[in-house]
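Since the structure comes first, as structure tokens, the remarks are kept for the end.
The values are calculated or read from the model by the stated rules, or taken from the named source; none is laboratory data. These numbers were taken from a predicted model, which means no experiment stands behind them. Here the Cβ positions follow ideal geometry from the backbone for every residue, glycine too, while neighbour counts run over all protein chains shown. Heavy atoms of the whole protein, side chains included, go into the accessibility calculation; ligands, DNA and RNA do not. Shrake-Rupley method; radii C 1.70, N 1.55, O 1.52, S 1.80 Å.
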Amino acid sequence: MESLVAPGIWQIDTQLGGWQELNAVFLVEGDMPCLVETGPQRDSDRVLEALGRLGVGPSDLAYVVLTHIHLDHGGAVGDLAAQFPQARIIAHPKGLRHLADPTRLVAAARQVYGPRMDSLYGGMTAVDPSRLQAAEDMGHIELGGGRRVTLVDSPGHAKHHVGVFDESTGVLMVGDAVGVKVPGGGPLRPAMPPDDFDRDLAIASLHKFAALGPDQVVLTHFGPAGPPQEVLAEAEAAMRHWCEVAEAAYSEEATVDHIERALLSRVFEPASDPGRQPVVDTLNGFASNAAGMHGWLRRRASTASEQGR
Ligand SMILES: [Zn+2]
């Protein structure tokens, strides 16, 4: 259930939905250990148990960093904050207020996920605002003993997204900014969900990651992704291609359904293990990507028409 990604960095499989190798959280060890991601609320007990096995007791955990506040990444934040009373909770400044009051976030997620909300994710419990801290772009978190991680503002997938770079190992934990690639699930898929996907910001974030020269790129869904510069280039190419397909479809008929049909006919590649197809489609399906790109294209069109006025 736990595996070592690099010296002092553990990957914990939250077993989201009962599936293996789909969703991870990461423990960066140090005098002041840091958990990156919490997983969804439904999986919080499994994360707690894994942290216990790794020797992180209730008063030990110093930091929890969320790459972003989507429920598969941060849903358990309130539950874990209660179990680890010393931990500071760090997230992008644009996400913090939702952690203090998740009412709107949870309601919006319910709209998107429907019945899967309860079976897969659960909700989110509020965090006491005094424990929240804003991630600063390229700011550092000192973990003691000379170890530190750098937070990298990386909007695109969502406006409230940060990457987490461990300088001592060169491991870059990229959340959803690079995409989703699960064992047996087929090639890397960009993750471009509603409500604030933006292609140009997402590609700029990939360039920012490349400039750090990471030794490993590690996906929340799921794990080390291969040679970093190749993975980042593959992610950019896929994102550009999918967005081109979406743009062409949008110009014919500006609906989410039409974009989804175009994606299914032009970019769909089946999972190498057919049993993994529903796993990938549940977490990062074409309907979600079509809706995310539709929102981006619609916002772009309205900005252009305002500027033309
Ligand atoms: Zn996400």
Candidates 301, 237 - the one that is more than 30 Å from residue 6 (Cα to Cα) and assigned to a helix (DSSP H, G or I): 301
Boolean, residue 156 is open to solvent by less than 10 Å² (accessible area, probe 1.4 Å), part of a loop (DSSP other than H, G, I, E, B) and within 14 Å of the ligand (Cβ to nearest atom): yes
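Only residues that are farther than 26 Å from residue 270 by Cβ and acidic (Asp, Glu): list them for segment 178-230, please. Even if it seems obvious, please write down each step before you answer.
Taking segment 178-230 as the starting set, the residues that turn out to be farther than 26 Å from residue 270 by Cβ are 195-196, 198, 200-201, 203-205, 207-216, 228-229.
195, 196, 198, 200, 215, listed by residue number.
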Among residues of segment 263-298, those that are more than 17 Å from the chain's Cα centre (by Cα), surrounded by 12 or more Cβ atoms within 10 Å (Cβ to Cβ) and without any contact (Cβ under 8 Å) to a residue 24 or more places away in the chain, counted: 3
Any pair with Cβ under 6 angstrom, 6 or more apart, that starts in segment 141-160 at a residue that is closer than 18 Å to residue 171 by Cα and ends at one that is within 16 Å of the ligand (Cβ to nearest atom) and part of a loop (DSSP other than H, G, I, E, B): 151/135; 154/161; 154/177
Helices (runs of 4 or more DSSP H) completely within segment 33-126 that count 2 or more residues being more than 14 Å from the ligand (Cβ to nearest atom) and closer than 25 Å to residue 193 by Cβ: 44-53, 77-83, 96-100, 103-113
Residue in segment 164-172 that is open to solvent by 10 Å² or more (accessible area, probe 1.4 Å) and within 16 Å of the ligand (Cβ to nearest atom) present: no
Some residue of segment 98-118 being over 21 Å from the mean Cα position of the chain (by Cα), closer than 16 Å to residue 36 by Cα and crowded, with 19+ Cβ neighbours inside 10 Å: no
Breaking point among (1) away from the ligand (no atom under 16 Å from the Cβ); (2) open to solvent by less than 30 Å² (accessible area, probe 1.4 Å); (3) in contact (Cβ under 8 Å) with a residue 24 or more places away in the chain, for residue 19: (2)
